[in-house]
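J.: Take a look at the following structure, please.
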Amino acid sequence: MSDRTRVGVLVSGAGTNLEALLRACRDPQFPAEVAVVISNRQSAPALELARAWEIPAFAMPAGDYGGDLAERDRAMLGTLRAAHVELVVCAGYDRILSDAVLRAYSDAISNVHPSLLPAFAGGMNAVAAALDYGVRVTGCTVQLLEPGELDGGPIILQASVPVEPDDDLESLLHRIHHEEWRLLPEAVALWSTHRLQRDGRHIHIVPARAAAHS
């Protein structure tokens with residue numbers, strides 16, 4: 001087993017953030033590797049994407065567990081542990097994780113959200129909500145997840161995206177995605193090289209040289 005951080009990625013849709021991370025991991029100097037991909041949907045295109053990259057990929061819909069979300073999450077936790085996952089990444093995952101998963105990977109579950117949190121938290125329609133609200137600037141956030149408030153964990157990285165006068169949902173989402181594809185690998189690399197230092201709600205990014213000597 002390599003000394004790169006083993007990452008488990010949770011997905012529900014097309015897997016564009018997964019692909020961005022896989023491309024980053026292709027660099028032998030990148031400090032992490034995707035060990036397993038799990039989806040709550042049998043039909044998620046991200047599963048086929050993972051398999052095309054020769055990454056183990058599993059569909060674990062709640063229906064396979066009698067609709068018991070807690071039971072499904074326990075099974076998912078078992079799959080993550082069997083793959084020796086150290087960091088979990090929610091990349092377009094549209095279900096709330098149980099406290100059992102959040103506690104098992106305390107400060108080791110990152111989430112990509114398409115807004116500048118805490119604005120437009122708590123759902124999958126953040127981009128549409130930003131447009132409807134009439135904001136001039138939105139963006140994306142990579143944060144740590146923890147039990148409690150939905151999308152309320154500490155923020156690792158954010159990027160702003162201006163809202164243009166002629167934007168519709170598709171055009172704004174496209175530009176936000178490009179920032180997500182940049183931020184997610186960066187956040188994974190920071191976590192994997194021990195450069196994230198948490199102080200309550202605040203996360204400080206430690207300089208690379210200091211992290212190497214800590």
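The values are calculated or read from the model by the stated rules, or taken from the named source; none is laboratory data. Everything numeric in this text was worked out from a predicted model, so none of it was measured. Cβ coordinates were reconstructed from backbone atoms using ideal geometry, including for glycine residues, and neighbour counts include every protein chain displayed. Quick note on the areas: whole protein, heavy atoms, side chains included, nothing else; ligands and nucleic acids left out. Shrake-Rupley method; radii C 1.70, N 1.55, O 1.52, S 1.80 Å.
J.: Please give the solvent-accessible surface of HIS204 in Å², to the nearest 10, using a probe radius of 1.4 Å with every protein chain present.
T.: Number for this one is 90 Å².
J.: If you take all C-alpha pairs in region 67-132, what percent of them are over 15 Å apart?
T.: Of all Cα-Cα pairs in region 67-132, 59 percent lie more than 15 Å apart.
J.: Report the net charge of residues surrounding HIS178, where surrounding means a beta-carbon distance below 15 angstrom and charges are Lys +1, Arg +1, Asp -1, Glu -1.
T.: -4
J.: A follow-up question, please. Before I look further, what does the chain give for accessible area per residue, probe 1.4 Å, in whole square angstrom?
T.: Counting only protein heavy atoms, the per-residue value for the chain is 50 Å².
J.: Roughly speaking, what is the stretch gain from LEU150 to HIS202, that is 0.36 nm per residue apart minus the C-alpha to C-alpha distance, in nm to one decimal? All intermediate terms of the calculation are to be shown ahead of the outcome.
T.: Numbers: separation 52, 0.36 × 52 = 18.72 nm, distance 1.70 nm.
Length difference between fully extended and current span is 17.0 nm.
J.: Hey, another quick one. Just the number: Rg to Rh for region 52-99, Cα atoms, Kirkwood Rh, two decimals.
T.: 0.96
J.: Just from its helices, what would the mean residue ellipticity at 222 nm be for the chain, if runs of 4 or more DSSP H residues each count -39500 (n - 2.57) and the sum is divided by every residue, rounded to the nearest 500 deg cm²/dmol?
T.: Using -39500 (n - 2.57) per qualifying helix, the result is -10500 deg cm²/dmol.
J.: While we're here: Can you give the local net charge around GLY134? Use residues other than it whose beta-carbon is closer than 15 angstrom to its beta-carbon, Lys and Arg +1, Asp and Glu -1. Walk me through the numbers on the way to the answer.
T.: Values: positive: ARG136; negative: ASP132, GLU164, ASP166, ASP167, ASP168.
Value of the local net charge: -4.
J.: Sticking with this structure for a sec: Within the accessible area of region 1-141, what % is carbon and sulfur when the probe is 1.4 Å and the other protein chains stay in place?
T.: 50 percent
J.: Right, here's the next one. For every other residue with a beta carbon closer than 12 angstrom to the beta carbon of ALA121, add +1 if it is Lys or Arg and -1 if Asp or Glu, then tell me the sum.
T.: -2
J.: At a 1.4 Å probe radius, carbon and sulfur cover how many percent of the accessible area of region 155-214?
T.: 54 percent
J.: Now for a separate question. Quick one: what does P(r) look like for region 129-185 with 10 Å bins over all Cα pairs, in whole %?
T.: Bin by bin from 0 Å, the calculated values are 22, 45, 30, 3.
J.: In what order, largest first, do SER171, SER12, SER160 sit by accessible area if the probe radius is 1.4 Å?
T.: The residues order as SER160, SER171, SER12, largest area first.
J.: Out of ILE156, VAL7, TYR133, whose Cα points farthest toward the positive end of the dipole of the chain (charges: +1 Lys, Arg; -1 Asp, Glu; placed on Cβ)?
T.: Going by the Cα projections, it comes out as VAL7.
J.: On to the next question. Going through region 132-214, which GluC sites (Glu not before Pro) have at most 11 other Cβ atoms within 10 Å and a DSSP loop state?
T.: Hits after loop and neighbour filter: GLU149.
J.: Determine by what factor the alpha-carbon radius of gyration of region 25-118 differs from 2.2 N^0.38 Å, reporting the quotient.
T.: 1.11
J.: Roughly speaking, what is the stretch gain from ARG51 to LEU169, that is 0.36 nm per residue apart minus the C-alpha to C-alpha distance, in nm to one decimal?
T.: 39.5 nm
J.: To continue, here is another question. Compare ASP132, ASP167, ASP107 by solvent-accessible area with a 1.4 Å probe and give them largest first, with all protein chains kept in place. Provide the component values of the computation, followed by the final result.
T.: Values: ASP132 135, ASP167 25, ASP107 60 Å².
Per-residue accessible area, sorted high to low, gives ASP132, ASP107, ASP167.
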